[in-house]
Amino acid sequence: MELDLVFLSRIQFALTIMFHYLFPPLTIGMGVVLVYLGGMYLKTRDPAYQQAQKFWTRIFGLNFAIGVASGIVMEFQFGTNWATYSRFVGDVFGSALAAEGIFAFFLESGFLAVLIFGWNRVGPRMHFFSTCMVSLGSIFSSIWIVVANSWQQTPAGSHIVPMTREVLDEHGQRMFNENGELITAPWIIDGTPVMRAEVTDFWAMVFNPSTGYRLSHVLLGCFIMGSFFILSICAWYILKKKHVDFAKRSFRGALLLATVSSLLIAINGHQQAQNVYQYQPAKLAAFEGHYESDGSADLTLFGIPDAEAETVHARVAIPGGLSFLVHDDLSFSKPVLGLDQIRPEHRPPIWIPFISWRLMIGIGTFFILLTLFSYFLLWKGTLFEKRWIMWAYVASAGLAVVANQVGWVAAEVGRQPWIVHPPIVRGDDGNPILDEEGYLQYKMVEAALPDGTPYQRYAGLSTEDGVSKAVAAEHVAASIVMFLFIYMLLGAVWIFILNKKIQHGPDPPEEGFGESKTVNMFRLEGDREHQHRADAGLWDDTVQRDDTVQRDDTVQKTPGGDHD
Ligand code: HEM
């Protein structure tokens, strides 16, 4: 059997990114809960909030570490497997990913040290500030990644230009003209000019037409992931009657975030779907299994899509539902552009987008029902007694993972056959102009072949053209096996440590902010004089200058008071 380079490169990227994408949503979502717990501690000085924050911070740190380890691989894959794509998007992605490294990753990882190790070293306000910075850093990180991804779905603020290369003389030296300028020539590979996207307007690139919708959707998906992860562990504690007070407190906080995010993601998802229709109508048609552009468009609830027969078998549909959702059309009759108006070679595969789209929306709807019903039970005072609903929450963390994963699968497979989607040709009224055969048209750009003949290509990049031509399919297959092995190992380590932390549970709440440990540390040093003074609540001058101990001094006098 002949191995297919493009298919294998896609499988490899999908595997590595799907594993990686378990962790960023967890850290982003949990970061918000940590800010809530830290803020509540600062406000109330109730040690139970600090106890909860300490416990979830340990799990947050674990997720962060595995997230970083699994994410590095992706950056390398851009170079090894997707060199043509990297050349094409380099100018755009370079700035966005550099911004991610500088603004987000350093902010997040720098303050993470204070968050994890700072309990006995900084005051509560500084610690809270660090918690906010870590959460902000993780959100910033997602902004730049989503900007880069959104640009390849709906490019803006850039143009496509031929790439040039230096001209070398017979000694391999660069050549300059009489004005001292470098002499360059178009870069031709296999007889065709190499093209790349060049940023013309940085902010238009950043705020491209889908960034806002996608960013809010992704962040809400992360909040859902983080909150359901916490809800799942808390529900398990409640079922096992372990750490029950702690679990109920964390549960209430996470339930609020889960409910609000589940409601908002549905509203935002609806708007995003309208945006998808405007800029990537082939993708929405694949989500919906919509083949007929004429007449009103039905909303398919269930069915079996058949790309060859260009239909959906055993279809259950709401008449005119898609017309209503896409156009906000109360007459339920406006036509919706279908796959019959997309050239066959420009159609995405239908099965995967169709199924993953339904799974995501199904899980989203289940979350709305589950969380709203939980508030009803909370109001009745019976929520924590209902074992079946606690079991539903235990399972819900897995469902949140699935929803996030299939959301991306729908968005990325639905973008095929393009890796960078070309803009649509539109008339002055903004509507797409169909070609003479009645198909949707994508914008073209022009360059010249070496002999001067004009050369035309789409103002995007097909996935097939994005792979590294120098890499053999066998190499990709071998590296997939290697990645599978490494990621299984990494996954096993994650589950092992996570399980240990969950089994261990939270430490008992401490009065004050890290007080007891500092005094213990102090005692371990064996300085009898200091120990005596510590016991008596007195500190000498040298100790007074030490910020950590100064706080303890106050702690000794006013346990649990404000000793920032
Ligand atoms: C409840 C109704 C929901 C609707 C109407 C909805 C709508 C959408 C749409 C239209 C897209 C495709 C965007 C594109 O291709 O450009 C999308 C993608 C996505 N969805 Fe959903 N969604 C819903 C629920 C959820 C839930 C519950 C989650 C996760 C917990 C989720 C996570 C994602 C993710 C991660 C993506 C890929 C990123 C993106 O393109 O924005 N969605 N969703």
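FYI, it's all coordinate maths here, none of it is from the lab. The shown structure was predicted, so the numbers you read here are calculated from the model rather than taken from an experiment. Heads up, the Cβs are rebuilt from the backbone with ideal geometry, glycines too, and the neighbour counts pull from every protein chain shown.
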Packing-based order for 489-495, 356-362, using average beta carbon neighbours within 10 Å, highest first: 356-362, 489-495
In degrees, nearest ten, helix 351-380 long axis to first principal axis of the chain (Cα): 30
Within the chain, longest stretch clear of exposed GluC sites (Glu not before Pro) (DSSP loop, no more than 13 other Cβ within 10 Å): 3-169
Shape of the range 287-367, Cα gyration tensor, a/c cut at 1.5: oblate
Cut-off 20 Å, label 7 Å out along Cα→Cβ of residue 248, residues of the range 380-396 by amide N: 380-394
Violating pairs (Cα-Cα greater than 18 angstrom) within the set 240/380; 248/386; 241/386: 240/380
Angle between the chain longest axis and helix 473-504 axis [Cα atoms, degrees, rounded to 10]: 20
The range 160-290: projected area of the alpha-carbon convex hull, averaged over directions, in nm²: 16.9
Kirkwood hydrodynamic radius of the range 212-420, from inverse mean 1/r over distinct Cα pairs, in Å: 18.4
Estimated FRET transfer efficiency (residue 502, residue 7; beta-carbon r; R0 35 Å; 0.05): 0.35
Amide H contacts under 5 Å for residue 196, placed H, 5+ residues apart: 161, 163
Whole-Å distance, taken between Cα centres, linking the range 237-302 and the range 80-95: 32
Residues 222, 132, sorted so that the one with the fewest Cβ neighbours within 10 Å comes first: 132, 222
Per-residue ³J(HN,Hα) for the range 195-204, Karplus 6.51 cos²θ - 1.76 cosθ + 1.60, θ = phi - 60°, Hz, x for Gly and Pro: 10, 8, 8, 10, 5, 10, 8, 4, 6, 5
On Cα atoms only, tilt of 124-153 relative to the major axis of the chain in degrees: 10
Whole-number Å³ per residue for the convex hull built on Cα positions in the chain: 233
Calculated FRET efficiency for the pair residue 166/residue 486, C-beta based, R₀ 35 Å, to 0.05: 0.35
Helix-only CD estimate at 222 nm, as mean residue ellipticity for the chain, using -39500 (n - 2.57) per DSSP H run (n ≥ 4): -20500 deg cm²/dmol
Cβ crowding within 10 Å averaged over residues, with 148-158, 296-306 ranked highest first: 148-158, 296-306
